[in-house]
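The values are calculated or read from the model by the stated rules, or taken from the named source; none is laboratory data. This one's a predicted model, so the numbers in the text were calculated from it and none came from an experiment. As a convention, Cβ positions derive from the backbone with ideal geometry for all residues, glycine included, and neighbour counts pool all protein chains shown.
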Ligand SMILES: [Ca+2]
């Protein structure tokens, strides 16, 4: 995932965890009644900017719908939008990890200021001089699949240097149950103004209690921050018309996950508008070995599974063409 850094910073894979904020559940006393609200069944993804209350209700409804016959689980991601402030759900690390308001986090060195994605509160990790900081919560995952942990992030660093591991910027880790799901490097210089959605597929641990933790290891003599907002659990990632979620702002091809892989991996990309899309996989000689997408697609957050069971170990390039935009990334098949 670390290559994602070139575009944004965080490298969060696809097969980890997150799906829509569940502390909302507790605010909806009788969720089972909502299970009949089938009109919401096709509008699953909620990283939304609608008013907090609406979001809470919708999130709860979707959660319950996806729970099918099972009962609605409670409070999987407490205070996932951070609007309940400090001391509510999240365990903050050392002095630089805080749940706070955009105003509180404003700084002359962070320009323009970071605005929360929802409401007035968000979380910030990071710091200065090899500070290691974390934010964690034990989450009860609903016993439904697929299941994704979704969150929105942006980063700011106080240098304009290129990302170079811990020498510049900071290392960002997403950890679930003590396993590092993804690592990447935070390397933006006050140039990322929008929130980017990341997610991990946590289907494999659906129904369990999991500790979700972000960790940031800051470089020496550099202020580097990771901002988080709207941590949720969801069963669907694509944007559907009328779902209330904004389509992606830019076309973005993400690093596949896992990588290296054997034999399957997941490729994600964001499509801001309807486009004719091709997603191909080529070997290092330029030969096309797979064509995963070939057709017109609507805007949204796309996920494609790629199985290389028929291919030899090696480096492959996957190439996204969406309208006039072409992006490529490498991946490694390692048997
Ligand atoms: Ca918020």
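Residues that are in contact (Cβ under 8 Å) with a residue 40 or more places away in the chain and not in a strand (DSSP E or B) were ranked within the stretch 286-310; the one that is farthest from residue 248 (Cα to Cα) is 309. Checked against the criterion of being in a loop (DSSP other than H, G, I, E, B), touching a residue at least 60 places away in the same chain (Cβ under 8 Å) and within 16 Å of the ligand (Cβ to nearest atom), the candidates 80, 87 yield just one match: 80. Against the conditions (1) touching a strand residue (DSSP E or B) at 6+ places or on another chain (Cβ under 8 Å); (2) surrounded by fewer than 20 Cβ atoms within 10 Å (Cβ to Cβ); (3) in a loop (DSSP other than H, G, I, E, B), residue 259 satisfies every one except (2). Taking the numbered list (1) touching a helix residue (DSSP H, G or I) at 6+ places or on another chain (Cβ under 9 Å); (2) closer than 26 Å to residue 178 by Cβ; (3) in a loop (DSSP other than H, G, I, E, B) in turn, residue 124 passes all entries but (3). Summed over the stretch 90-128, the residues that are within 13 Å of the ligand (Cβ to nearest atom), buried (at least 20 other Cβ atoms within 10 Å of the Cβ) and modelled with pLDDT under 90 give a count of 4. Only one of the numbered conditions (1) within 17 Å of residue 78 (Cα to Cα); (2) at pLDDT 90 or above is not met by residue 151, and that is (2). Which one is nearest to the ligand (Cβ to nearest atom) among residues in the stretch 129-152 that are surrounded by fewer than 17 Cβ atoms within 10 Å (Cβ to Cβ) and in a loop (DSSP other than H, G, I, E, B)? Top of the filtered list is 146.
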